[in-house]
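Asks: Quick one: this structure, given as structure tokens, is what I'll be asking you about.
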Amino acid sequence: MRRRIYWLMPDLASARRAMHDLVQARVDVARIHFAASEGTDLAGLHAANIWQTSDLVHAAKTGWAIGSACGMIFGLIAGLNFPVLGDEPEWEMVLVLGVMGGVVGAWSASMIGISIPSPCLQRFEGAMAQGWILLMVDTPRSRAHDIETLLRTMHPEALFEGEAQQVPAFR
């Protein structure tokens, strides 16, 4: 697991310097994400993508859970009341329809979640509307303090906005 560190940068020049300083400190560019209000030019910066800016992951997990539960219920009803082969209950239907329901649920919920802004970023919307640029750095726990110290020292104009404790390593 990683920690996501949030910083607000006052302008594009400051954000570019922060990106340069983080790369010099051997932070992988793929772990540095910038978000700003719609229409802001983030040229030269690693812009945040759908994984960081939408509710996609949470929606897919919720869809998987609900879809699997519904599929298992329908599988149980179908397996007990409408056996395909013979007169014996078909317990495999529970598993098959549970997996199918999970897949359909995750897919359909992710289509909705991709269009919903991330709840984690809602608190930054006002600052971004005023022209601030949000910097998110995903770092191992062992390096979080060093990265915070680097940004505090090199960028006194930036505002530290806290951390998210558990960011999956693949995001």
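Asks: Can you run down the residue pairs with Cβ atoms below 6 Å, 6 or more apart or on separate chains, where the first is in segment 128-155 and touching a residue at least 40 places away in the same chain (Cβ under 8 Å) and the partner is in a helix (DSSP H, G or I) and among the basic types (Lys, Arg)?
Replies: Short answer, once both residue conditions are applied: Asp138/Arg31.
Asks: Select from segment 1-42 the residues that are among the basic types (Lys, Arg) and in contact (Cβ under 8 Å) with a residue 40 or more places away in the chain and write down the one among them that is surrounded by the fewest Cβ atoms within 10 Å (Cβ to Cβ). Walk me through it before giving the result.
Replies: Here is the first cut: in segment 1-42, the ones among the basic types (Lys, Arg) are 2-4, 16-17, 26, 31.
Those still in the list that are in contact (Cβ under 8 Å) with a residue 40 or more places away in the chain too: 2-4, 17, 31.
On the way: Arg2: 20, Arg3: 20, Arg4: 20, Arg17: 16, Arg31: 19.
Across segment 1-42, the extreme among qualifying residues is Arg17.
Asks: Let me ask something else. List the number of the failed condition for Ala43; all other conditions in (1) closer than 27 Å to Gln24 by Cα; (2) at pLDDT 95 or above; (3) not polar (S, T, N, Q) hold.
Replies: Condition not satisfied by Ala43: (2).
Asks: Filter segment 66-114 for residues that are β-branched (Val, Ile, Thr) and more than 30 Å from Ala48 (Cα to Cα); which is surrounded by the most Cβ atoms within 10 Å (Cβ to Cβ)?
Replies: Here is the first cut: in segment 66-114, the residues β-branched (Val, Ile, Thr) are 66, 73, 77, 84, 94, 96, 99, 103-104, 112, 114.
Pick out the ones that are also more than 30 Å from Ala48 (Cα to Cα) and you get 73, 77, 84, 94, 96, 99.
Values: Ile73: 14, Ile77: 13, Val84: 9, Val94: 20, Val96: 16, Val99: 16.
Filtering first and then ranking leaves Val94.
The values are calculated or read from the model by the stated rules, or taken from the named source; none is laboratory data. Keep in mind the model is a prediction, meaning the values are calculated, not measured. Quick reminder, even Gly has a Cβ in these numbers, built from the backbone with ideal geometry, and neighbours come from all protein chains shown.
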